[in-house]
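Reviewing the structure listed below.
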Amino acid sequence: MIENLPDGLGTPSDFEYEWEDVSFHSRVWETGPDAEGAFKVDLTVKTLRGERLTDLEAVKDFLVEYEEKEPGDWQLVPVKVGGYDGLLAGDEVFYFVEPGVAAEVTIDHERFTDEDLVDTAAGFHPEPAT
């Protein structure tokens, strides 16, 4: 469930995929096409599910690998996202929901603010693991 969305989002699409035994369900809002026919991603919300997602540190370690980050270069700031512990880095925030479930929200920083990012994330409640 997503309670808070910023104004001005484009059309949503849903995607499901898996990487390294973690499944993703994502909803992506895109605006476009522009004059050149290109679309731009406004907002993405993802639910991640997998046994390796045991705590926030495990989620971070997984995302470092998945997003091909340099662990020492990724500047992460601890934040509270609703009732969850999370980490904020630029245009994305991710948080640990429960063992096996995490969430990630990314936003277009050219059009939306940090407040839009955190408000959207705080209103995003992935379904509990079944």
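The values are calculated or read from the model by the stated rules, or taken from the named source; none is laboratory data. Bear in mind the structure is a predicted one, so any value in this text is a computation, not a measurement. In this analysis, Cβ positions are derived from the backbone assuming ideal geometry, glycine residues included, and neighbour counts consider all displayed protein chains. In case anyone asks, the SASA skips ligands and DNA or RNA and just uses the protein heavy atoms, side chains included. Shrake-Rupley method; radii C 1.70, N 1.55, O 1.52, S 1.80 Å.
Taking Cα atoms only, the orientation of helix 56-66 departs from the longest principal axis of the chain by about 60 degrees.
FRET efficiency for the His125 to Glu70 pair, using the beta carbon distance and R₀ = 25 Å, is estimated at 0.20. The residues of the range 30-118 present an accessible area of 53 Å² per residue when probed at 1.4 Å with all protein chains retained.
Length gained on full extension, Ala89 to Glu36: 16.1 nm, using 0.36 nm per residue less the C-alpha separation. Histogrammed with a bin width of 5 Å, the alpha carbon distances of the range 1-61 distribute as 4, 14, 21, 18, 16, 14, 8, 3, 1 percent, first bin at zero. Rounded to the nearest angstrom and listed largest first, the equivalent-ellipsoid semi-axes of the chain from its Cα gyration tensor are 23, 16, 16. Listed by chain and number, the lysines whose C-alpha is less than 23 Å from the C-alpha of Lys80, apart from same-chain residues fewer than 8 away, are Lys46, Lys60, Lys69. Remark: the chain carries a charge dipole of roughly 280 debye about the Cα centre, counting +1 on each Lys and Arg Cβ and -1 on each Asp and Glu Cβ.
Solvent-accessible area assigned to carbon and sulfur over the chain amounts to 48 percent, based on a 1.4 Å probe.
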